[in-house]
1. Checking the condition surrounded by 15 or more Cβ atoms within 10 Å (Cβ to Cβ), in contact (Cβ under 8 Å) with a residue 12 or more places away in the chain and not aliphatic (A, V, I, L, M), which residue from B:Phe138, B:Phe158, B:Phe99 passes?
2. Can you tell me which residue among B:Arg5, B:Arg61 is modelled with pLDDT of 95 or more and within 13 Å of chain C (Cβ to nearest Cβ)?
3. Cβ-Cβ distance below 7 Å, separation of 6 or more or different chains: which pairs start in region C:379-404 with a residue that is assigned by TED's automatic domain parsing to the domain that holds C:Val358 and end on one that is open to solvent by 90 Å² or more (accessible area, probe 1.4 Å)?
4. Does C:Met97 satisfy the condition of being at pLDDT 95 or above and either within 16 Å of C:Val76 (Cα to Cα) or hydroxyl-bearing (Ser, Thr, Tyr) (or both)?
5. Name the residue that is surrounded by the most Cβ atoms within 10 Å (Cβ to Cβ), counting only residues in region C:41-68 that are acidic (Asp, Glu) and over 20 Å from C:Leu101 (Cα atoms).
6. Of all residues in region C:348-404, how many are open to solvent by 60 Å² or more (accessible area, probe 1.4 Å) and not basic (Lys, Arg)?
7. Tell me which residues, restricted to region C:299-320, are under 21 Å from C:Gln150 (Cα atoms) and of a type in the set (Gly, Ala, Ser).
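The values are calculated or read from the model by the stated rules, or taken from the named source; none is laboratory data. Everything numeric here is computed off the predicted structure, so don't read it as measured data. FYI the Cβ positions are ideal-geometry reconstructions off the backbone, even for glycines, and counts take in every protein chain you see. All accessible areas refer to the heavy atoms of the entire protein, side chains included, with ligands and DNA or RNA removed. Shrake-Rupley method; radii C 1.70, N 1.55, O 1.52, S 1.80 Å.
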Amino acid sequence: MSITPGGICKPGTTISNKTGGWRNFRPIYDYDKCTKCKLCELLCPDMSVLEREDGYYDFDYDYCKGCGLCANECPVDAIEMILEEK
Amino acid sequence: MKEIRIHGRGGQGSVTAAELLAVAAFADGKFSQAFPAFGVERRGAPVQSFTRLNDKPIRLRSQVYQPDYVIVQDPTLIEVVDVAYGIKDTGTIIINSEFNPENFKFDSNAKVMTVDATKIALDIIGRPIVNTVLMGAFSAATKQIKPESIANAVKNRFPGKIGEKNAEAIEKAYSITMEATV
Amino acid sequence: MAILREADKDKMTVVEGSYAVAHAVKVCRPHVISAYPITPQTHIVEELSQFIADGEIPNCAYMNVESEFSALSALVGSAATGARCYSATTSQGLALMHEVLFNFSGLRLPMVMTIVNRALSAPINIWNDQQDSISQRDTGWIQLYAEDIQEASDMIAQAYKISEDKDVLLPAMVCMDGFILSHVYEPLVLLEEDLTNEYLKPYETNYKLDPKNPLSFGAFADPSSYTEFRYLQQQAMDKAINKVEEAADEFKELYGRYYGGVIDTYMTEDADIILCAMGSIIGTLRDVVDNLRSNGKKVGLLKVRAFRPFPAEAIKQAVSNTSVIVALDKNISIGLNEGALLTELKSILYNTNLNMPVIGFSIGHGGRDIPEKTIEDIVQKAENVIKSGISHESEFVDLREDLI
C-alpha cells in the first residue's frame, strides 16, 4: 500500500481495528432488570451497544473495550462487568 | 527620464495626481510609473508622490532624489518641507500661489512658476481641490504631457459632471500658464 | 536567457499593481476566495470583493473571516473539495497563518496566495522587506518572487498551473514587494482572459471531499509512515523545478511574455561580479548593471524567481565562471547575521568544485529605500573582495551610525 497525496484514504478505517482485544472486563446484561432505557446505547463511546429486534441490547464484543461506562451509568444496575478470561 | 515630485497634504489628491500624470503620459506614448511616498498619512499631514516618465520601460524602483519637476499643491508646505530638495538646476518648481514667483526663494537655480490654482478650482469646480488644476499648469510649463491627455485621464477617472468641470479647470490653468511662459 | 517582453503598447494600460493582481486572479476563475485585509495587501482584496459584488467572478464564493488563521483554515476545507482557492496576506497576517501553512502543504492541496511582502513587528512597520515570506521557508509552500507588476499578475496563472500539477500538488506563494509593487501605477497588459482559459485548465482531482463518495482527509501518520510523507513532499518540490520552467515556457509561447524560469540571468556570461536578489530590487539592479557595464565593469545579475523549490543546479551553472557572488537580502536570520539567499548560495556551492567567494548584504529592511548609489557601493566592495579577499562576509547596508 503506497501513500496517496496527503494521505487521503477511504473512510471506515476503524472497522478494521477490532478493539475488543483491549478489554479486561466484559459487560453482561441482566435482562430481568433492564428497562430498555437506551442510556447504555447513547453513552457507549465505541458504538458497541447494538439494539435487538425485541428492544433489548447486545454488546458488540469485537469493538467493546470494556470501559465500563455503561455499567457505571445504568440506572437499574442491569450491567455487570466481569473479568475476561484470557 | 524625467522625474516629478508632488508635495501636498493628505486628502489633497497628490497621489491621484501622480497616478493620472502616469496614465496621461502613457496615453501620449511614453512609459510611466507613479507611486506614493508610502506612509501612514493622515488628512492634512504633508505627503509626497512621484511620477517617472521615459521613452523606454522604467525599471528603477528607488524613490526620486533629483526631480526634474516639483509641484507644490499647498504653499504653506514650503515652511515645513524642503520642497526644492535635490531638484535639478534645469528643473522647474510649480507652486499653487496667488503671489508672483519672485516671492519664493530657493537654494537652487531651478525655475519657479506660480499659478493660483485655488482660485481656478473655486471658480470652476466650486471646491478648493487643486490637484487637477496643477496638472494643467504642469502640462503648459513643461510640455511633457499633452493637456488633452491629462483632461482625458481625469475624465475617465471621474466620469460625468465632476470630470467635465475638472477638465475645464485643467484647460484654464493650461492657458494661463502658457501666457505666463511666453 | 533574456527577459522577453513584446512591448505591445496597444494592449497595455496604466493601473495599480494591486488591481493588476486582482484582475489576474479573476481571470484564473477561482471558486473560493478567503482573506483578511491588512496593509499593504488591502487593495487586492478590496478589488476582488468588488468583482464578486459586481458578479464578475461567476461560481465563486468570497468568505469573510475574522482572521488570517481562519482565512487559510477555511481554504483548507475548500481546497479539499476540489475548489480552486485564492488568498492574499502579508507580514503579521502570514505569521498568524504559520500553523495552517504546514497543514495546507502536508495535505497536498493546491492553492495560490499572494504575499505582499512587508516587515514584521516589533517595532511595528508597514513597509516592505521580505522577512515575512522568508520566515515561512520550511512550510512546504512553493515561493515565487516577482520583479514588477506584470510579472506579479502573470505569475498568478503560472502558480496555479504549477501548484495544481498532479506531480506537484503543493500550495504556492506569489511574493510581490509591498507598496513598491502593490501601490505602483505603471503600464502593463492585464492578464488576458481568453489566453488564460487556454493556458489554465480547470483543476481536476480524484481526491476530493464529496458526500456521495466519502474519503478521509487529514489522516494520522505515526513514526512508521511520517518520514515517507515528508520524503514525498520533497520529491514533489524536486519535480516542481521543471514545472516552474515549463509553466514559464508555455506562458511565453502563448502570451509572448517571459521573466525567466526558476531563475533569470542578465549579463552573467562574462561577469566578474554577479549580484543575486529577488523581487522588485531586480529592476533597479538592471539599471545599475547597465550603467556599470557602460563604464566597462563586468557586472551581471542573477534573479531568483523560485526560492522554494531552490534552483541549486540552475544557479551553479549561471555562476560557474564568475569571480565573486553578492547576495542582496531583504531579510535576516538574527543570530547568524545572514540573509536567506546568502545562506542558501553558500550551502549549494559547498561540496562542489566552485569555490568563488560569496558575500551578502542586508538591505531594504522595513522599507529603507535602495538608491542606485547604494548598489554601486556594494559593487565596489565586491571588487575589493576580488582584489584582496573577504573582509566582511555579511553586513548591513546604509546603517545610520547616528542612531546606534
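1. B:Phe138
2. Working: B:Arg5 fails: within 13 Å of chain C (Cβ to nearest Cβ).
Going through B:Arg5, B:Arg61 in turn, the sole match is B:Arg61.
3. Matching pairs, first to second residue: C:Asp398/C:Arg368.
4. Yes; evaluated as a whole, the condition is true for this residue.
5. C:Glu47
6. Of the residues in region C:348-404, 21 are open to solvent by 60 Å² or more (accessible area, probe 1.4 Å) and not basic (Lys, Arg).
7. C:Ala306
Rundown of residues vs (1) surrounded by fewer than 24 Cβ atoms within 10 Å (Cβ to Cβ); (2) more than 19 Å from B:Ala84 (Cα to Cα); (3) within 11 Å of chain C (Cβ to nearest Cβ), yes/no style:
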{"residue": "B:Thr16", "(1), (2), (3)": "yes, yes, yes"}
{"residue": "B:Ala24", "(1), (2), (3)": "no, yes, yes"}
{"residue": "B:Ala27", "(1), (2), (3)": "yes, yes, yes"}
{"residue": "B:Pro36", "(1), (2), (3)": "yes, no, yes"}
{"residue": "B:Gly39", "(1), (2), (3)": "yes, yes, yes"}
{"residue": "B:Gly44", "(1), (2), (3)": "yes, yes, no"}
{"residue": "B:Phe50", "(1), (2), (3)": "yes, no, yes"}
{"residue": "B:Lys56", "(1), (2), (3)": "yes, yes, yes"}
